[in-house]
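Below: one structure, written as structure tokens.
The values are calculated or read from the model by the stated rules, or taken from the named source; none is laboratory data. Quick caveat: nothing in here was measured; it's all calculated off a predicted structure. Positions of Cβ are backbone-derived with ideal geometry, glycine not excepted, and every protein chain shown enters the neighbour counts. With ligands, DNA and RNA removed, areas are computed over all heavy atoms of the protein, side chains included. Shrake-Rupley method; radii C 1.70, N 1.55, O 1.52, S 1.80 Å.
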Amino acid sequence: MYEQVSHSLLNDILDRLKPEIQRSDLRHFYTRLGANFYAIHSLFHYLYGQREDFDEQMVKLVEVMASRYIKRSSELEERDKSRERNYNWFLSQEWVGMALYADGFAGNLEGVKSRLPYLQELGVNLVHIMPMMTCPVGASDGGYAVSNFRDIDPRVGTLDELDQLTDSMRKREMLLTLDVVVNHTSDEHEWARRARAGEQKYQDYFYTFSSRDVPDMFEESMPEIFPETSPGNFTWDEEMGKWVMTVFNSYQWDLNYSNPAVFIEMVDVILFWANRGADIVRLDAVAFLWKKIGTSCQNLQEAHLILQLMKDCCQVTAPGLLFIAEAIVAPSEIIKYFGEDAVIAKECEIAYNATFMALLWDAVATKNAKLLNQGIRSLPGKLDRATWLNYIRCHDDIGLGFDNADIQHVNYEPVAHRRFLLDYFTGKYKDSDARGQPFGSNLKTGDARISGALASLVGLEAALESQDDAAIDRAVKLILLLHSMILSFGGIPLLYYGDEIGTLNDGTFLQDERKARDNRWMHRPRIDWEKAEKRHEHGAVENRIFEGLRKLIAVRKTIPAFADFNNRELLTVDNEHLFAFLRSHPQKPGETVLVVGNFDSHPQHLDLSNLGNRGQFQYGQVQDLASGESPSMFNNQLVVPPFRFYWLTDQRMAGLL
Ligand code: GLC
């Protein structure tokens, strides 16, 4: 849309830019700036238009975008252009990710580089390296309390080593995801130190208050994120003589996005890492970016506008860069982080599918897919050019963030059901062999989440201890079943390091006083590379899991129907233990894959003649793409063994896929 006010301002801004910017070749930059400027200006004005220095801030923003563009390498610019041409590139089924801590996975960045062949062996071609920017030795929240946004923590490596890593990854056609912790800084960040020393400019980078008046108002409606270790949302800073907002840990100061200087700094930080070779940035805790008295301070409209503005700005400078929204919030809220009322993602192209993750765990505990079916059915449709990050485990706790209405719809009582899940995964429930621990128990609300490694939560730890072969077999099957779901659902599957070899809970964090109070460390392991070697030992647990996953990943990459073009149809089946959906080829609708998983410990059957007009599966000619086998059938009834899954195709089609 052409809009005079913003365009005359744009002309003005271009005249006021620093001479070195004016001298550079900015042809592509200006084209994109022109196309996006109306949106950028409108959003920036909506958020900051009331300020006297609005024009000056607007110039600064454009300067940041232009300076970072000038510094972008020609190689990255070429990549930007090719991604602009092939704009659906990230929806392909060929991407398979893994999240890992550089130190836990391989000691440091150099180690990660030397382990790239291992990831390739598995089929992983997207690596999310957990936060590695400089952070304090002690209070770091696993790297999420950053003290310098533009450098790497010396314990993990250097910027040069990152360059070497990205080089090697590019040659191997692997993508790199990096974290940008946009919501807060460490209290040891320079901005916090200067705020503490009394500089007003930096006190305005945070939410600081002389008295409890405002904090008390906020507290009335704000929930607590870490109620056990960091109750409340404000921390008194003795040296500054003020309260500061600290929604997460008391040493993580929330950034004040009502100050445009903060917004501009953080756009610069994102672009810094984009220029350093990040293909994707994971924007941490995006639901919290805006605060308002009388609200939960999560998912506010302004938080969305900030993300839109970040996206618009980054698209001008580095259009090949994608955003992941880390918003672990209610299903109806998560979907909004793609941006509303659009076909193309206006905020983040990718979002964590926390809903699917939690629902899969529900199916594990209940051994049925009732809530899983209901929860996915209620998940609002997503935009065309946006995709999910599907995962089973990550470095955080598992929140039981289902919709109460969904829980009730399948005839459970929400409080009792959540209690059951907690008891189940912490091993209190009588039939449970799970070895998790409660995380973030809130005595006031009764809420709690769950920590624990995937293998320990599905019973592998208990089974290995008791040397119960049948139980080991069950746990391995469950691990593969869960992965088969995230590999076929639609979106980018994100494995978690260590799960590929059945890594169990790690209790060593208890000996480290800086970690002992945060049991999420029980599932942030150091990879035991001797154990990983066992992946080559036929019949070893590591071998069964690794090989199983390796094959599944390889098969996924050959199935175009698994690309994410909103081409999934959830099936209503009359067997509550089964989760079943169809994936259709985006260009050849006839080429359909029927995915079915049995979460029960008994065999179940699926009546293929009840699949409506999807009759192609009912003639007994089905083949499982995952195993290459033909499943057992009786007439139109398909038998699904305990904890088994199928990726079924009509045999006549199998040759074509
Ligand atoms: C995100 C991270 C989590 C961290 C929190 C605060 O949710 O995933 O690990 O504790 O942000 O930074």
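Observations on the model:
- Couplings for the stretch 226-238, taken from phi via the Karplus curve 6.51 cos²θ - 1.76 cosθ + 1.60 with θ = phi - 60°, read 10, x, 7, 9, 8, x, x, 10, 9, 10, 7, 9, 4 Hz in order; Gly and Pro are left as x.
- Dimensionless Rg/Rh of the chain - Kirkwood Rh, Rg from C-alpha atoms: 0.97
- FRET efficiency estimate (nearest 0.05) - Cβ-Cβ, residue 85 to residue 639, R0 60 angstrom: 0.80
- Relative protection proxy for 637-649, 550-562, from highest mean packing down: 637-649, 550-562 (other beta-carbon atoms within 10 angstrom).
- Protection proxy ranking of 112-125, 164-177 - average other beta-carbon atoms within 10 Å, highest first: 112-125, 164-177
- Carbon and sulfur %, accessible surface of the stretch 190-254 computed with the full protein complex present, 1.4 Å: 47 percent
- Surface share of carbon and sulfur [accessible, 1.4 angstrom probe, percent] for the stretch 303-432: 49 percent
- Annotation: extensible slack from residue 609 through residue 228 equals 131.9 nm (criterion: 0.36 nm per residue apart, minus Cα-Cα distance).
- For the pair residue 75 and residue 543, the difference between a 0.36 nm per residue extended length and the Cα-Cα distance amounts to 164.6 nm.
- For the chain, DSSP calls about 60 percent of its internal beta bridges antiparallel.
- Solvent-accessible area per residue, Å², over the chain with all protein chains present [probe radius 1.4 Å]: 38 Å²
- Estimated FRET transfer efficiency when R0 is 41 angstrom, pair residue 526-residue 569 (beta carbons, to 0.05): 0.45
- Distance between the stretch 486-525 and the stretch 35-58 - C-alpha centres, whole angstrom: 42 Å
- Sorting the segments 282-291, 409-418 by their mean number of nearby beta carbons within 10 angstrom, highest to lowest, gives 282-291, 409-418.
- Couplings for the stretch 628-633, taken from phi via the Karplus curve 6.51 cos²θ - 1.76 cosθ + 1.60 with θ = phi - 60°, read x, 8, 9, x, 6, 9 Hz in order; Gly and Pro are left as x.
- Built amide H within the under 5 Å cut-off of residue 175, gap 5+: 126, 127
- Rough spin-label spacing in nm, given labels placed 7 Å along Cα→Cβ, for residue 468 and residue 211: 6.2 nm
- Among 422, 337, 322 the positive-end extreme of the charge dipole of the stretch 305-451 (Cβ point charges): 422
- A dipole drawn for the chain from +1 and -1 charges on Cβ atoms has a positive end, and of 407, 475, 523 the residue lying farthest that way is 475.
- The HN-Hα couplings worked out from phi for the stretch 245-259 by the Karplus form 6.51 cos²θ - 1.76 cosθ + 1.60 (θ = phi - 60°) are 6, 9, 5, 8, 7, 5, 9, 10, 8, 6, 7, 9, 7, 7, 9 Hz, whole numbers, x standing for Gly and Pro.
- Applying 1/(1 + (r/R0)^6) with r as the Cβ-Cβ distance of residue 23 and residue 627 and R0 = 56 angstrom yields a FRET efficiency of 0.35.
- Backbone amide hydrogens, once placed in the peptide plane, bring residue 604 within less than 5 Å of 640, excluding anything fewer than 5 places away on its chain.
- Size of electric dipole in the chain: Cβ of Lys, Arg +1 and of Asp, Glu -1, about Cα centre, debye, nearest 20: 1320 debye
- Label separation (residue 292 vs residue 150): 3.4 nm, computed from points 7 Å beyond Cα along the C-beta direction.
- Cα centroid of the stretch 77-98 to Cα centroid of the stretch 326-383, whole Å: 23 Å
- Sulfur and carbon atoms: percent of accessible area, the stretch 567-656 [1.4 Å]: 46 percent
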